[in-house]
């Protein structure tokens, strides 16, 4: 989800934009193994940067112990007017569903999957679902988003962007159903009303806490994104939309 950069690209100060050294060495080992058929030193099958800027090795991604947890979402109406942003100023307008405060650390890793029963909507109306990490100060940082172009009423299913994000104890998870991420996508609004009868989202969480890391520093984009993306969610919104059945599993030592 970060900027598209080459592994050796740097900023004006010489800092690697991606954050991880040895890009060309790894590429040449890949060619030596798969083109020349040579035996070479092993590299991780997947090198994953998570939200705290650390890197780790994974044999697969989504990780093998990533488990989807279904969460029912609040329904209702929103206006398809392309006015909502997913990040920063102008964000947060729509139908919220919020978890209770997390009692322990959690780790989202994988691809969220959205299902919704649309009671009524204009043809070609926009349906957007955003997932947020909401801290103790009610500051919401977007960690996944997905969009769907509706064809009137009926059931819809779609994937949101995959991510690898640590959710500390004391935070909440928030999900917003809305009509736009206007700062990111070019929506064509219908101006009509979309009514969601009910919806749910399957959020993927790790069972085992990750403690081992590999070489790598935070990517430049991660730092700027975490500084610029958050917006404040009103306390009244959290109070009105928190669901006690919004389960977020805590990671454990394995």
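Coordinate-derived values only; no laboratory data. Only a predicted model underlies this, so the values are computations on that prediction, with no experimental measurement involved. With ideal geometry, Cβ positions are generated from the backbone for all residues, glycine too; neighbour counts draw on all protein chains shown.
Here residue 21 clears all of (1) in contact (Cβ under 8 Å) with a residue 40 or more places away in the chain; (2) over 29 Å from residue 181 (Cβ atoms); (3) in a loop (DSSP other than H, G, I, E, B); (4) within 21 Å of the chain's Cα centre (by Cα) except the condition numbered (4). The criterion of being in contact with a strand residue (DSSP E or B) (Cβ under 9 Å, 6 or more places away or on another chain), crowded, with 20+ Cβ neighbours inside 10 Å and under 23 Å from residue 104 (Cβ atoms) holds for residue 203.
A count restricted to region 116-165 and to residues that are closer than 22 Å to residue 236 by Cα, in contact with a strand residue (DSSP E or B) (Cβ under 8 Å, 6 or more places away or on another chain) and either surrounded by 15 or more Cβ atoms within 10 Å (Cβ to Cβ) or without any contact (Cβ under 8 Å) to a residue 40 or more places away in the chain (or both) stands at 12. The set of residues in region 26-57 that are assigned to a helix (DSSP H, G or I) and either surrounded by 15 or more Cβ atoms within 10 Å (Cβ to Cβ) or touching a helix residue (DSSP H, G or I) at 6+ places or on another chain (Cβ under 7 Å) (or both) comprises 26, 29, 33.
With respect to the conditions (1) buried (at least 16 other Cβ atoms within 10 Å of the Cβ); (2) closer than 30 Å to residue 238 by Cα, residue 77 falls short on a single one, namely (1).
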